[in-house]
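The values are calculated or read from the model by the stated rules, or taken from the named source; none is laboratory data. Computed from a prediction, not measured in an experiment: that's the story for all the values here. So basically every Cβ, Gly included, is an ideal-geometry build from the backbone, and we count neighbours across all protein chains shown. For accessibility, only protein heavy atoms count, side chains too; no ligands or nucleic acids. Shrake-Rupley method; radii C 1.70, N 1.55, O 1.52, S 1.80 Å.
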Amino acid sequence: MEHPNKEQRDNQAKMLDQLPKELREEHAQIFRLGNAAYIYHSLASEELEPTEEDFEEWLEGLPDNVGTDMKARGFEECRGIFSFTRYVMEKNDIGMDEWMEQNLSEEDYRAYSEMHRKMKERNS
């Protein structure tokens with residue numbers, strides 16, 4: 001999946017061109033996964049327009065120390081925080097895993113799922 005910003009797409013292409021051939025596909029996949037995640041999170045603010053109510057609900061689910069910090073930062077500053085944008089997307093029945101599966105190739109989705117599984121194991 002390509003990045004929606006042309007300048008960023010061009011930067012990614014330049015970097016890939018400079019890599020040894022044997023590393024290009026691995027890094028291209030990393031870019032595709034990152035670009036897909038970026039687009040997913042962007043949809044929250046571009047299409048769903050989070051509200052102060054969403055913000056307050058999200059704060060309630062955070063650990064006390066994190067919630068206090070986020071509340072001090074305020075709604076506007078937190079609009080782009082991934083855990084908030086994911087909360088907004090999932091509140092609107094757009095789960096990240098399902099979205100990634102629908103928008104990535106089968107191979108890229110398998111890589112995303114494996115990476116996600118390993119992260120969960122590390123955090124357990």
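Numerical summary
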item: Evaluation of Leu62 against (1) in a helix (DSSP H, G or I); (2) surrounded by 11 or more Cβ atoms within 10 Å (Cβ to Cβ); (3) of a type outside the set (Phe, Trp, Tyr) (one fails), failing number; result: (1)
item: Pairs, first over 14 Å from Leu48 (Cα atoms) and of a type outside the set (Gly, Ala, Ser) in the stretch 73-97, second open to solvent by less than 40 Å² (accessible area, probe 1.4 Å) and assigned to a helix (DSSP H, G or I), C-beta under 6 Å, six or more apart; result: Phe75/Phe55; Cys78/Met70; Cys78/Phe84; Phe82/His41; Met96/Tyr40
item: Which numbered condition Gln18 fails, given (1) under 19 Å from the mean Cα position of the chain (by Cα); (2) more than 30 Å from Phe75 (Cα to Cα); result: (1)
item: Unique match (being open to solvent by 60 Å² or more (accessible area, probe 1.4 Å), outside any helix (DSSP H, G or I) and either of a type in the set (D, E, K, R) or touching a strand residue (DSSP E or B) at 6+ places or on another chain (Cβ under 9 Å) (or both)) among Asp93, Asp10; result: Asp93
item: Filter pass, Arg110 being at pLDDT 95 or above, within 30 Å of Glu26 (Cα to Cα) and surrounded by fewer than 14 Cβ atoms within 10 Å (Cβ to Cβ); result: yes
item: Of residues in the stretch 8-37 being free of Cβ contacts under 8 Å to residues at least 40 places away in the same chain and of a type in the set (Lys, Arg), the one farthest from Glu114 (Cα to Cα); result: Lys14
